[in-house]
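Asks: Sharing a structure below in C-alpha cells format, with a few things to ask.
The values are calculated or read from the model by the stated rules, or taken from the named source; none is laboratory data. Bear in mind the structure is a predicted one, so any value in this text is a computation, not a measurement. Glycine also receives a Cβ, built like all others from the backbone with ideal geometry; neighbour counts cover every protein chain displayed. Keep in mind that these areas ignore ligands, DNA and RNA; they rest on the heavy atoms of the full protein, side chains included. Shrake-Rupley method; radii C 1.70, N 1.55, O 1.52, S 1.80 Å.
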Amino acid sequence: MTPIVRAAHVTKRYGDHLALDDVSLDVERGEVVCVIGPSGAGKSTFLRCINRLETIDSGTIELDGELIGYRRMGDVLRPLPQRLLAAQRRKLGMVFQGFNLFPHLTVLENVLEAPLRVIGTPRAVAVAAAERLLQHVGLADKSASYPADLSGGQQQRVAIARALAMQPEVMLFDEPTSALDPELVGEVLAVMRQLAEGGTTMVVVTHEIAFAREAADRVVFMADGQIVEVGPAEAVLAHPTHPRTIAFLEAVL
C-alpha cells in the first residue's frame, strides 16, 4: 500500500543554512508520527514543506502517491498552478503554534469559513458539521463566542476544529501547545489523543514527550536538519540508540 505521505531526500536551504538535509520519511494511513528534537532541528520546516508553505530545493514529497506542488513532465518537475496546489492543500489540515483565528468572527463562523468559501458546502450541511466538530472538541457551548473571550486552550481547540472542517486526509500539528500556559496544555492534548484513537493520520511536531509516548505509533528524532533516529515510540523514547537522541532525552526528561 502506498504511504499517505512520502518524503524522499528532501533538502531545504535558507541562504547558507541547510535547514533540511536529505530527509526521507514515509507516513502510513492512520498512523500517528511525533517529531521531536532540539530547537533549530528542522522539525517545523519539514512540516511546512509537507504543506507546501515552504518550497524545497531538492527531493520530492508525495501525498497519496501524488507529488505535492509539482507535476512531472518527462524528467522535469514543473510547479503546479495555484489552483491545483490549493486543491492539494485541502487534503492537509494544519494547526500552528499560534491560533490564527479570525477575531471578528464567532467560533462557529471561524469553523464555517473554509467549507463555505473554499469548497462551497451548502450552509445547512456546513453548520451541522461545524456543530458536530465543536461538540467533538468540547466547545459546543462556545459557538457564539468570539476568540477574545476564549482561553488559549479553547482557541487552539477551535483551530483544530477549523482544520478538521475541511475533512483533510492528514493532520499536521506544529507544536500546538507551545504557546499555551501549562494548565491549558492538557485540554488540547486530550483532543489530539481522541483524534489519534479515531484513526486520524497525524504528523505532530511536539515537545510533549509524554504525549508522544502515549499517542504515537512512531517517533522521529531530528537534529541539524536530519532524521537521526526513527522507530516505534516506546523503542525510541525508552531505549534510544543514537547518542544525539540519548542526550536530548536525558536533558528533557
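Asks: Need one number: nm distance between label points at Ala247 and Ala210, each 7 Å from Cα along Cα→Cβ, rounded to one decimal.
Replies: Between Ala247 and Ala210, the simple spin-label model gives 2.8 nm.
Asks: The chain: Rg/Rh from Cα coordinates, Kirkwood Rh?
Replies: Result for the chain is an Rg/Rh of 0.97.
Asks: What accessible area per residue, rounded to a whole number of Å², is obtained for the range 94-171 using a probe radius of 1.4 Å?
Replies: That works out to 47 Å² for each residue.
Asks: What does the helix-only formula give at 222 nm for the chain: each DSSP H stretch with n ≥ 4 adding -39500 (n - 2.57), the total divided by the residues, and the result rounded to the nearest 500 deg cm²/dmol?
Replies: -11000 deg cm²/dmol
Asks: Order the peptides 146-154, 89-97, 245-253 from the highest to the lowest mean number of other Cβ atoms within 10 Å of their residues.
Replies: Order by mean packing, descending: 89-97, 146-154, 245-253.
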